[in-house]
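The values are calculated or read from the model by the stated rules, or taken from the named source; none is laboratory data. All figures in this text were calculated on a predicted structure; none of them were measured in a lab. Glycine gets a Cβ as well: all are built from the backbone with ideal geometry, and neighbour counts include every protein chain shown. The accessibility values were calculated without ligands, DNA or RNA, using every heavy atom of the protein model including side chains. Shrake-Rupley method; radii C 1.70, N 1.55, O 1.52, S 1.80 Å.
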Amino acid sequence: MKVIVMAGGEGSRLRPLTCDRPKPMVPIMNRPMMEHIVALLKTHGLTEIGVTLQYLPEQIKNYFGDGREFGVSMRYFVEDSPLGTAGSVKNTGSFPDETFLVISGDALTDFDLSRAVDFHRLKGGVATLILTRVPEPLEYGVVITGKDGRITRFLEKPGWGEVFSDTVNTGIYILEPEVLTHFDQGVTFDFARDLFPLLMSRGYPLFGYIAEGYWCDIGNLQQYQQAHLDILQGRVRVQFAEKEAEPGVFMGENVTVEPGAQISGPVLIGRGARIGRGARVEDCTVIGPNSQVDAYASVKRGLLWRNVYVDQRVEVRGAVLCNRVQVKRGTAIFEGAVVGDDTVLEEGCTLKPEVKIWPHKRVESGSVVTENLIWGTKPARSLFGFDGISGSVNLEVTPELVAKLGVAYGSLLGEGSGAVVASDDWKASRMLKEAAMAGLLSSGVRVYDIGTAVTPITRQAVKQMDVRGGIHIQLARENGANTRIRFFDSSGLDLPRSWEKKIEQAFYREDFKRVRGLDVGETIKVSNFAERYVSGLFDTLDSEPFRGKPRKVVLAYTTCWLYSLLLPLLHRLNCEVYTVSAPSATIPPTLEWLRGNFGQVAETVRSLGADLGAVMDSNAENLVLFDSQGRIVADELYLALTSLLMFRANTGGTVAVPVTAPDVIEKLAGQYQGRVLRTRTAPRFLMEALKEEVPPAGKLDQLTFIFDAIASLFKILEYLAAHNTTLDSLVDSIPCFHLHQREVNCSWAAKGAVMRRLIEETEGGDVELIDGVKVKHGQGWALVLPDPERPAYRVFGEGYSVEMAEELTDFYAKKIQTIQDELKK
């Protein structure tokens, strides 16, 4: 059987390891990653190998040659530009003229490939995907198979709400040549994203073989270090030339260990290395060929490549030192640090944890390096969460990080393009706004600074100023000490996930565009946009119905900035305005914090005989109403209210709601011949759905109701006045519903397995997989939704009574905990 090894990977997330070499040539245990794959293939008698190349192909060709030195035969196929995984294999022409195996040259595995081939031949399908189970499946293609191994569903690199299993695609395939006839040569085509869905749609059987053994795709620096630990601790079977000199200590030829040196396994020391007197090498360390660890130096969990020099009394703890790095006397390098090729660290330096230094640098004596020499540190998981980027100010979200984000975003927008930037009135937000502007300007982007604003106004500014995007920085709704950074596209909508990934990739690669000083962007101050927004909003309102009896409105807990914006417009619409001041606080209180004071607002509305009361968060994205009886209209009830208005105003229209919304929305749709479109919970998915449903001119717009609390308040007041009705009457016309919600802690490592078990246990039932797992029962429904930002699940339940909603929620919360307990056994 022939094999195609895909070795075109650039390995951008492994930089600086891959600055000067393709990812398959990064060493593991002193041998290139791809050499381990070739050795595995040879073990299983798979010796006729074709190699696809794209990034720095000569390095691989020069190292492996025709393959004879490694006991195999090799041919090479070079792509001028990336063609995708399937396109790359098709580029090999007639080479795969029989059943063939595809494997990545930049992963580490000890799978029994022979058993996988036997499985493929037994099943007789056109394709067999070799699968494995992993704790965190977010970065892989998730696959679900039937009892016979036939694949029933798969999804490439899902979000947590789409993780239906912990069984993932390893990128190792056994294929029949005919699968390559389904697309044209020279086009970009991917196996998992394009070809396999196409084959399934055409009725071809695809099978999944769940392999036993070890597999790691070594996608980041943490996985790279973990792979070495796994090998040294015996979790994966690989071959290496070094011999076991004593238990757990493997040494190559001509290794010198001077008297007094202490070596404690498991460790591996390459040929020609020297360990000086009194030096300590221990705890899962790998020393490369011809490297030196001088007297009284200490290396623990260190990965030293070829020809590295570690001077006297140096300490290396959990760091990677690439080829020919020189570390001078008394320097300390800590966990997660990476030092690129040919770098020199002078005497007495300190490299703090996670610092990365690009190749060919010199760090002066006594330097304390706390951040990368070329921009930025990689966050633990990802930059973007459920709704933008959030974190503690000056801890997780620093001015330096925000400036670098600005450069990354600006590099993607393009030199000479424009972007709107704004923040709320919190002083920390203003500080971070300046940092974001600096980053954008340095990439050549023209910045329109609209000053202090709320999120809906920033969105409008992006739309009206004909720019390519925007940034809004605000106090996080859920935590008064955190900030949230929002990025918008040219329509003022949240960026799609594909753009978020591009920003993350630019941030991780740290190769931002730098324009000349003459080409740095300009800052244009726009001082009156809030007034333009209010004027535009007023022009959309019909003021005639307001001319009758004044309406009493209680405006509660608004910030001073919002109050000055809302009050004049309410007065122009003949409203009598009464205010309730917010509790004193050093920062604007969040809506969650204010909920404890809603009773005061309700009582004020009742005592004044007001038509309604209103509370909105400091960024004017969420609106809470109070009817004349003091009933609170918030969250799901507010969604039902705005859906009712949409159906009444647009008979036969469509309303988009998240999967967490109550079924009463469908009941309202039935009354008005409307349609309900359920979406995933992240704001962007609602925006995308609503963007396709453009209301007729003059009709209500659901985007406004969901994302603009200011316009929502005035549109609701306009509706009440135009139809001579009350908020009480509208609320009374909404059928009763009962929702309950709770949260269950769940480790990141267990999330995928929990989701898979839930899918398996609910198989055959009435289940929706739009976002999470929604199980419908006769008494209601329950939704299990992984939290994308925290190690937790959110469980929602709706029932015909409060008790039933709580019972459904509790049932699945307990099930999640039970599955976790079983996984620990």
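Here are the numbers:
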{"read-out": "Breaking point among (1) touching a helix residue (DSSP H, G or I) at 6+ places or on another chain (Cβ under 6 Å); (2) open to solvent by 20 Å² or more (accessible area, probe 1.4 Å), for GLY203", "value": "(1)"}
{"read-out": "Whichever residue in the stretch 124-143 is touching a Lys or Arg at 6+ places or on another chain (Cβ under 9 Å) and surrounded by fewer than 19 Cβ atoms within 10 Å (Cβ to Cβ) and, among such residues, is modelled with the lowest pLDDT", "value": "GLU139"}
{"read-out": "Selection status of PHE250, farther than 28 Å from GLY272 by Cα, outside any loop (DSSP other than H, G, I, E, B), of a type in the set (A, V, I, L, M, F, W, C) and in contact with a strand residue (DSSP E or B) (Cβ under 8 Å, 6 or more places away or on another chain)", "value": "no"}
{"read-out": "Residue in the stretch 438-461 that is acidic (Asp, Glu) and open to solvent by 10 Å² or more (accessible area, probe 1.4 Å) present", "value": "no"}
{"read-out": "Yes/no for LYS427 being open to solvent by 70 Å² or more (accessible area, probe 1.4 Å) and free of Cβ contacts under 8 Å to residues at least 12 places away in the same chain", "value": "yes"}
{"read-out": "Pairs, first under 15 Å from GLU743 (Cβ atoms) and open to solvent by less than 50 Å² (accessible area, probe 1.4 Å) in the stretch 801-825, second small (Gly, Ala, Ser) and part of a helix (DSSP H, G or I), C-beta under 7 Å, six or more apart", "value": "GLN820/ALA750"}
{"read-out": "Selection within the stretch 671-690 - aromatic (Phe, Trp, Tyr) and within 28 Å of the chain's Cα centre (by Cα)", "value": "PHE685"}
{"read-out": "Answer from ASP627, ASP611, ASP635 - the residue that is closer than 30 Å to LEU686 by Cα, in contact with a helix residue (DSSP H, G or I) (Cβ under 8 Å, 6 or more places away or on another chain) and not basic (Lys, Arg)", "value": "ASP627"}
{"read-out": "Selection from the stretch 304-341 of residues that are outside any loop (DSSP other than H, G, I, E, B) and open to solvent by less than 10 Å² (accessible area, probe 1.4 Å)", "value": "LEU304, VAL310, VAL316, VAL320, LEU321, VAL327, ILE333, VAL338, VAL339"}
{"read-out": "Condition check for PRO695: surrounded by 19 or more Cβ atoms within 10 Å (Cβ to Cβ) and either in contact with a helix residue (DSSP H, G or I) (Cβ under 9 Å, 6 or more places away or on another chain) or modelled with pLDDT under 95 (or both)", "value": "no"}
{"read-out": "Among (1) over 20 Å from GLU500 (Cα atoms); (2) in contact with a Leu (Cβ under 6 Å, 6 or more places away or on another chain) - the single one ILE473 does not satisfy", "value": "(1)"}
{"read-out": "Selection within the stretch 260-275 - in a strand (DSSP E or B), open to solvent by 10 Å² or more (accessible area, probe 1.4 Å) and closer than 16 Å to GLU315 by Cβ", "value": "GLN262, SER264"}
{"read-out": "Which numbered condition PRO786 fails, given (1) open to solvent by less than 50 Å² (accessible area, probe 1.4 Å); (2) over 30 Å from TYR140 (Cβ atoms); (3) at pLDDT below 95; (4) not charged (D, E, K, R)", "value": "(2)"}
{"read-out": "Options VAL795, VAL775, VAL731; residue that is surrounded by 14 or more Cβ atoms within 10 Å (Cβ to Cβ), at pLDDT 90 or above and assigned to a helix (DSSP H, G or I)", "value": "VAL731"}
{"read-out": "Filter pass, SER491 being open to solvent by 40 Å² or more (accessible area, probe 1.4 Å), under 29 Å from LEU690 (Cα atoms), assigned to a helix (DSSP H, G or I) and of a type in the set (S, T, N, Q)", "value": "no"}
{"read-out": "Inter-residue pairs, beta-carbon under 6 Å, first more than 13 Å from ARG362 (Cβ to Cβ) and in the stretch 316-344, second open to solvent by 10 Å² or more (accessible area, probe 1.4 Å) and of a type in the set (Gly, Ala, Ser), 6+ apart", "value": "GLY330/GLY348"}
{"read-out": "Within the stretch 539-654, strands (runs of 3 or more DSSP E) holding 2 or more residues that are open to solvent by 20 Å² or more (accessible area, probe 1.4 Å)", "value": "551-556, 575-580"}
{"read-out": "Residue tally, condition touching an Asp or Glu at 6+ places or on another chain (Cβ under 6 Å) and part of a helix (DSSP H, G or I), over the stretch 190-240", "value": "2"}
{"read-out": "Residue match in the stretch 165-179 (condition: assigned to a helix (DSSP H, G or I) and surrounded by fewer than 17 Cβ atoms within 10 Å (Cβ to Cβ))", "value": "yes"}
{"read-out": "Candidate set from the stretch 167-190 (those that are farther than 18 Å from ASP97 by Cα and of a type outside the set (Val, Ile, Thr)); member that is nearest to the chain's Cα centre (by Cα)", "value": "ASN169"}
{"read-out": "Residue within the stretch 660-669 that is closer than 27 Å to ALA476 by Cα, hydrophobic (A, V, I, L, M, F, W, C) and either free of Cβ contacts under 8 Å to residues at least 60 places away in the same chain or in contact with a strand residue (DSSP E or B) (Cβ under 8 Å, 6 or more places away or on another chain) (or both) present", "value": "yes"}
{"read-out": "Count of residues meeting criterion [of a type outside the set (D, E, K, R), modelled with pLDDT of 75 or more and surrounded by fewer than 20 Cβ atoms within 10 Å (Cβ to Cβ)] in the stretch 394-411", "value": "3"}
{"read-out": "SER498 more than 19 Å from the chain's Cα centre (by Cα), under 24 Å from PRO788 (Cβ atoms) and open to solvent by 10 Å² or more (accessible area, probe 1.4 Å)", "value": "no"}
{"read-out": "Residue within the stretch 32-44 that is open to solvent by 30 Å² or more (accessible area, probe 1.4 Å), of a type outside the set (Asp, Glu) and in contact with a helix residue (DSSP H, G or I) (Cβ under 6 Å, 6 or more places away or on another chain) present", "value": "yes"}
{"read-out": "Residues located in the stretch 748-762, provided they are of a type outside the set (D, E, K, R) and either part of a helix (DSSP H, G or I) or within 17 Å of the chain's Cα centre (by Cα) (or both)", "value": "TRP748, ALA749, ALA750, GLY752, ALA753, VAL754, MET755, LEU758, ILE759"}
{"read-out": "Residues being of a type in the set (D, E, K, R), within 17 Å of ARG317 (Cβ to Cβ) and in a loop (DSSP other than H, G, I, E, B) - total across the stretch 276-287", "value": "1"}
{"read-out": "The one condition in (1) modelled with pLDDT under 95; (2) closer than 30 Å to GLU139 by Cβ; (3) among the hydrophobic types (A, V, I, L, M, F, W, C) that LEU475 fails to fulfil", "value": "(2)"}
